[in-house]
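Below is one structure. I have some questions about it.
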Amino acid sequence: MAGKRVNIADELLASLSEAADILAGKTAPARAWRLPDTVDVRSIRASTGLSQPEFAKRFGFSVSAVREWEQGRRQPEAAARVLLLVIASRPDVVDDVLAAAIPQAA
């Protein structure tokens, strides 16, 4: 028997909506994660093979933020650390979500 096909982009968008409800105090979190205080942005970017400007454009960061994170002048905020961890593990998932959420120019 064939199961219902799951659209990962829809699941991720629903998760982001749930996260907003949790932050607003409308919903209790199902689980709580302790994020690492730091992430190795240079290593994550290098694993993608992208330059700083390419990485920033592809994933929605400013070039200056990527530069400052890599040089240790700033640390990414919690939401950026989560995105960076997903990029490190599954950049294709981030691409799928962004492609589904952002209308392409005709």
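State which residue is farthest from E77 (Cα to Cα) when the search covers only the stretch 16-40 and only residues that are part of a loop (DSSP other than H, G, I, E, B) and acidic (D, E).
D40
Another question, if that's okay. Taking the criterion of being closer than 22 Å to D96 by Cβ and touching a Phe, Trp or Tyr at 6+ places or on another chain (Cβ under 9 Å), would at least one residue in the stretch 9-31 satisfy it?
Within the stretch 9-31, none of the residues are closer than 22 Å to D96 by Cβ and touching a Phe, Trp or Tyr at 6+ places or on another chain (Cβ under 9 Å).
Still on this model: Taking the residues in the stretch 23-36 that are aliphatic (A, V, I, L, M) and closer than 24 Å to R90 by Cα as candidates, determine which candidate is modelled with the highest pLDDT.
Here the answer is L35.
When residues of the stretch 31-84 are filtered for being under 24 Å from E18 (Cβ atoms) and surrounded by 15 or more Cβ atoms within 10 Å (Cβ to Cβ), how many remain?
Residues that pass the stated criteria total 9.
Mind checking which residues of the stretch 41-85 are under 21 Å from D95 (Cβ atoms) and assigned to a loop (DSSP other than H, G, I, E, B)?
Listed by number, the residues that qualify are G49, L50, S51, G60, F61, S62, P76.
Can I ask one more? Show the residue pairs that are 6+ apart or on different chains and have beta-carbon atoms under 6 Å apart, the first residue being within the stretch 1-26 and at negative phi, the second being at pLDDT below 85 and surrounded by 11 or more Cβ atoms within 10 Å (Cβ to Cβ).
Matching pairs, first to second residue: D21/T27; I22/P29.
Now for a different question. Could you tell me how many of the residues in the stretch 27-49 are at positive phi and touching a Ser or Thr at 6+ places or on another chain (Cβ under 9 Å)?
Residues meeting the conditions: 0.
For the stretch 90-106, which positions are modelled with pLDDT under 90 and part of a loop (DSSP other than H, G, I, E, B)?
Listed by number, the residues that qualify are I102, P103, Q104, A105, A106.
The values are calculated or read from the model by the stated rules, or taken from the named source; none is laboratory data. Remember, it's a predicted structure, so these values are computed and weren't measured experimentally. Every residue, glycine as well, gets a Cβ built from its backbone with ideal geometry; the counts of neighbours run over all protein chains shown.
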